[in-house]
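> One structure is given below, represented as structure tokens, and several questions about it will come after.
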Amino acid sequence: MRYIVSTRFDAETLANIPDHRGHFGHYGGRFVSETLMSSLLELEQHYEKLRIDPKFQEEFDADLADYVGRPSPLYFAERLTRQVGGAKIYLKREDLNHTGAHKVNNTIGQALLAKYLGKPRIIAETGAGQHGVATATVAARLGLKCVVYMGEEDVHRQSLNVYRMKLLGAEVRPVTSGTKTLKDAMNEALRDWVTYVDDTFYIIGTVAGPHPYPKLVREFQSIIGREARLQCMEKEGRLPDALVACVGGGSNAIGLFYPFIADEQIKMYGVEAGGLGLETGQHAAPLCAGRPGVLHGNRTYLMEDENGQISATHSISAGLDYPGVGPEHAWLKDIKRADYVSATDEEALRAFHTLTRVEGIMPALESSHAVAYAMKLAKTMDKDQIIIVNLSGRGDKDIHTVAKLDGIEF
Amino acid sequence: MSRIKQCLETLKANNKTALIPYVTAGDPAPQHTVDIMHALVESGADIIELGVPFSDPMADGPVIQLACERALEHGTSLRMVLGMVDEFRKTNTETPVVLMGYLNPVEAMGVHPFTEAAKAAGVDGVLIVDLPPEEADLAAPHLKGAGLDVIFLIAPTTTEDRIAAAAKFGSGYLYYVSLKGVTGSNALDIDDVEKHVSAIKSLTDMPVGVGFGIKDAATAKAVSAVSDGVIVGSALVNTIATNAENPEQMRAKVKELLSSMRAAMDE
């Protein structure tokens, strides 16, 4: 285990996280069956070339501007700030992106990689369906065949997104193995990839999985933090004091955090799904209450039993319902650069209603976890301090869930 | 000399190929496993690959996934699997046993405690599916240091330098995965297998076992002609699954399938 302590975040150190084996300190790596190895090495090789190819970058930037609608605004939530009383709360409006969440930043990037690699078929795993929709969307646009794996449980919970994917021309395959949720969808997508690797590109939706995925998803998502930095300077003439984002796999959080890692005075908070409460065991908070292990190709914090079997998780939001987390978050936790906390189902739900009523912005239940913690945090800070919350997605997809809790059936 | 090495050398001297059956420990229930292992030996098994069930067997197809689920329903843990090997060794000190599974249960127990317990139970080798040579720099030397063979997978897509790395870090034998895809996939191209096995053999002296796609006597015989070991997994696990309700019939059907393979290989 080699941790960087003294010159923790100089440019060279940051450029070497992850290292050439995909290790973030003790975490990350490429723990996969030999059958997947050559595809990962091929992907890494092409990606390392394309990421410095001006033509590729230009195309990516143009897509983000004209198709996704970037930059997304940094919005000062004035009424919420007043109501909470404390630090100024800004929302990074990823909910305003095309398809309604931050996920599309990454699918645009990876679909572009698929195009450059000449792969006519793309596959994806999805939990809440946001990544599935974002993948089906770019597949439709590029004329690629698209198969999305989704746990059978999630297919029922998120029927609206399932229909959206079908409208976009994707085939949604329900996964009935294991716990029938996101982790099982990822197993199934990996099985598909290993079988049809010659013509297939696997678009992983979060900063987890085997190297180089955590790195490339981070690079595609870090547009969020780069914009937020500039926007905060423009609006406030200075950088923020704290960043808050929800963490399932952790892609929206890394996207916001990464461009700020070197600024050690800026606090970073990742908010995990506390479910029914950490003490109940019914949650999806591996960083808060799990321990390190190996799943889906990388070493990271996991929710597992004493025998190393992966546990079933619980969260009100399907998008956070995952027993692992991106390895970079595991590293940031261990070196104490970021704090990982949790918000329960109930806290998230309250934040959902508060933001909807006070600001007229209906957040995704995933993002509501971040809002819930930000409201707590703001109270402990001074009025001239600044918090940026990543509002990673919009809540339309969750209306059925929320209504049901209110006793309303459509 | 390790029990695996000895076994493979003796077979080679007698011009025979190793028959290496795989079963998932704890499937259909833990009390059957040791009995099934003995039945495998009675039917001509030279080495047994004993699967350690894992909740997320991402390199396996539906047949072995379901076997893992059945075993886990009965709470089959890595410690229990080691107990089964210990029990098996009470009456069989000859047949090498290789544990095959995923890294997380091993790490949850701890690589060092696992190594000691495996050695004490009479395990001969370890094949960790999601531990390629690149990530094995800590675990492999430790396992080997304790006298356990570390077996690596080779895929049709594995490059020469990586075959060399697997041969360097590994011991016992190399497990050539004869098809793309997950375990239990279809259609085996024997000419292609032969080509790849001889390519591997040009790079290392280590014996090469071939798995994936061997489902009956005919495929076992064909693979036997071009390799040092015939590994049969999903076909056996399927036989166990379809006869799970009737243990005697299950034992008989397992023996029937494996004996037919043995006979065809020895013709």
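The values are calculated or read from the model by the stated rules, or taken from the named source; none is laboratory data. As the structure is a computational prediction, the values presented were derived from the model and not from experiment. Glycine also receives a Cβ, built like all others from the backbone with ideal geometry; neighbour counts cover every protein chain displayed. In case anyone asks, the SASA skips ligands and DNA or RNA and just uses the protein heavy atoms, side chains included. Shrake-Rupley method; radii C 1.70, N 1.55, O 1.52, S 1.80 Å.
> On a full-extension model of 0.36 nm per residue, what is the gain between A:Gln265 and A:Lys383, subtracting their alpha-carbon distance, rounded to one decimal in nm?
Answer, rounded to one decimal: 40.7 nm.
> Now, a different point. Whole percent per 10 Å bin, from 0 to the bin with the longest distance: what is P(r) over all C-alpha pairs of segment B:99-195?
For segment B:99-195, the pair-distance distribution reads 15, 46, 28, 11, 0.
> Restricting everything to alpha-carbon atoms, can you work out Rg to Rh for segment B:145-267 with a Kirkwood hydrodynamic radius?
1.02
> Go from 0 up to the bin containing the longest alpha carbon distance in segment A:139-222, width 5 Å each, and give me the % of pairs per bin.
For segment A:139-222, the pair-distance distribution reads 3, 14, 20, 23, 23, 15, 2.
> Still on this structure: Please work out how much length the chain gains when fully extended from A:His156 to A:Asp53, using 0.36 nm per residue of separation minus the C-alpha to C-alpha distance, in nm with one decimal.
32.9 nm
> Another question about this same structure. Calculate the mean, over all residues of peptide B:56-64, of how many other protein chain Cβ atoms lie within 10 angstrom of the residue's Cβ.
Counting Cβ atoms of other protein chains within 10 Å of each residue's Cβ and averaging gives 6.
> Checking a compactness column here: for segment A:250-314, what do you get for Rg(Cα) / (2.2 N^0.38 Å), N being the number of residues?
Here the Cα radius of gyration is 1.29 times the empirical estimate.
> How long are the three semi-axes of the equivalent ellipsoid for segment B:3-158, computed from the Cα gyration tensor as the root of 5 times each eigenvalue, in whole Å, largest first?
21, 20, 16
> Top to bottom by accessible area (1.4 Å), largest first, where do A:Thr401, B:Thr115 land?
A:Thr401, B:Thr115
> Moving to a separate point now. In Å and whole numbers, how far do the C-alpha atoms of segment A:224-273 stretch along each principal axis, longest first?
33, 19, 17
> Taking a ≥ b ≥ c as the square roots of the eigenvalues of the Cα gyration tensor of segment A:1-153, is the shape rounded (a/c under 1.5), prolate (a/b larger than b/c) or oblate?
oblate
> Something else about it: Rank these by accessible area, largest first, 1.4 Å probe: B:Asp192, B:Asp205.
Result, largest first: B:Asp205, B:Asp192.
> Give the calculated FRET efficiency between A:Asp10 and A:Arg226 to the nearest 0.05, with a Förster radius of 25 Å applied to their Cβ-Cβ distance.
Result of the calculation: an efficiency of 0.85.
> Let me ask another. Nothing charged except the Cβ atoms of Lys and Arg (+1) and of Asp and Glu (-1): what's the magnitude of the dipole of segment A:49-194 about its Cα centre? Round to the nearest 20 debye.
120 debye
> Report the charge-dipole magnitude of segment A:203-242 in Debye, nearest 20, computed about the Cα centre from +1 at each Lys and Arg Cβ and -1 at each Asp and Glu Cβ.
Value, rounded to 20: 100 debye.
> Ordering A:Tyr75, A:Tyr213 by how much accessible area each has at a 1.4 Å probe, largest first, what is the list?
A:Tyr75, A:Tyr213
> Scale the Cα Rg of the protein assembly as shown by the rule-of-thumb value 2.2 N^0.38 Å and send over the ratio, two decimals.
0.99
> List the relative contact order of segment A:275-410 as a percent without decimals, with contacts defined as Cα pairs under 8 Å and 6+ residues apart.
18 percent
> Over 19 Å between Cα atoms: which of A:Lys115/A:Lys145; B:Lys5/B:Lys201; A:Lys333/A:Lys379; A:Lys145/A:Lys166; B:Lys16/B:Lys201 fall into that group?
From the list (A:Lys115/A:Lys145; B:Lys5/B:Lys201; A:Lys333/A:Lys379; A:Lys145/A:Lys166; B:Lys16/B:Lys201), the Cα-Cα distance tops 19 Å for A:Lys333/A:Lys379.
> Further, regarding this structure: What residues have an amide H closer than 5 Å to that of B:Ile154, excluding those fewer than 5 places away on the same chain, when H is modeled at 1.01 Å from N in the peptide plane?
B:Tyr175, B:Tyr176, B:Val177
> So if I place +1 on the C-beta of Lys and Arg and -1 on the C-beta of Asp and Glu, and nothing else carries charge, what would the dipole magnitude of the protein assembly as shown be about its Cα centre? I want it in debye, nearest 20.
1120 debye
> While we're here: Please pull out the direction-averaged projected area of chain B, using the convex hull of its alpha-carbon atoms, in nm² to one decimal place.
If you wrap the Cα atoms of chain B in a convex hull and average its projections, you get 12.4 nm².
> Would you pull out the residues with amide H under 5 Å of A:Glu304's amide H, same chain only if 5 or more places away, H placed 1.01 Å from N?
Under 5 Å from the amide H of A:Glu304 lie the amide H atoms of A:Arg291, A:Ser311, each far enough along the sequence or on another chain.
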